[in-house]
Amino acid sequence: MQQPLTEVQGRVLEFIRQEILSTGRSPSLTEIQAEFGYASPHTARFHVTNLVEAGYLDRQPGHRGLRLPEAGGIRLAGMVAAGSPIEAIEEQDERVDLGGFSDDNHFALRVRGESMIEEAIADGDLVVVRKQSTCGDGDLVVARMGDEATLKRFYHDRQKSRVRLQPANSSMEPIYCRQEDVEIEGVVVGVIRLMGTGTRRSG
């Protein structure tokens, strides 16, 4: 089993993964350094080496030799509401085959509803979620309230000691609730739309 990633390692891995998926080649250490504002490429090399040793990346000769390891896919954990919160529906037997992702740190959910349609997340799409219990303002999260879950942008409203779960649909109102009533299941790192013989990925 792969070891859990730190928050920094997760961000570096997501950047490398998206570059490989979108351009067909891995970023160089200099590009990783520039993306995260590191003072030297040594910090980028440190994180890459740890990711390779932990099994999240494969390395071949060359300065763009990083590859995503073969993976058996991630579990489609159920459905999440892009609308009013709904009870998650377990779909234990279905998996989504995505190179480089694993069950240790990610899961997938099928979107139901159109509250995020203005961010091009439609009913029936799949979202890839990185497992974590914390998030920042503006993150697209899977938020659970009791037995129900929803997909929204997360914002703190510190003056009123509450959180705002913001849809991306101008016809829908945000959801307000006490911070202690909200549990973050994870942060969305990608969207998949099944289109006949192919898929659309974004992150």
In this structure, is residue 158 at pLDDT below 90, more than 25 Å from residue 23 (Cα to Cα) and charged (D, E, K, R)?
yes
Those residues of the range 34-62 which are assigned to a loop (DSSP other than H, G, I, E, B) and either without any contact (Cβ under 8 Å) to a residue 24 or more places away in the chain or acidic (Asp, Glu) (or both), in sequence order:
37, 38, 39, 40, 60, 61, 62
Does the range 35-42 contain any residue that is surrounded by 15 or more Cβ atoms within 10 Å (Cβ to Cβ) and more than 22 Å from residue 187 (Cα to Cα)?
yes
Take residue 16 and decide whether it is at pLDDT below 65 and in contact with a strand residue (DSSP E or B) (Cβ under 7 Å, 6 or more places away or on another chain).
no
Out of 40, 22, 26, which single residue is of a type in the set (Gly, Ala, Ser) and touching a strand residue (DSSP E or B) at 6+ places or on another chain (Cβ under 7 Å)?
26
Given the residues 163, 128, 141, which is the only one that is modelled with pLDDT under 90, buried (at least 18 other Cβ atoms within 10 Å of the Cβ) and among the aliphatic types (A, V, I, L, M)?
128
Report the residue count in the range 1-33 for those that are surrounded by 17 or more Cβ atoms within 10 Å (Cβ to Cβ) and in a loop (DSSP other than H, G, I, E, B).
4
Check on residue 111, under 18 Å from the mean Cα position of the chain (by Cα), surrounded by 15 or more Cβ atoms within 10 Å (Cβ to Cβ), in the same structural domain as residue 172 (by TED's automatic domain parsing) and modelled with pLDDT of 85 or more
yes
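The values are calculated or read from the model by the stated rules, or taken from the named source; none is laboratory data. Owing to the predicted nature of the structure, the values given are computational and were not obtained by experimental measurement. Every residue, glycine among them, receives a Cβ derived from its backbone with ideal geometry; neighbour counts consider all protein chains shown.
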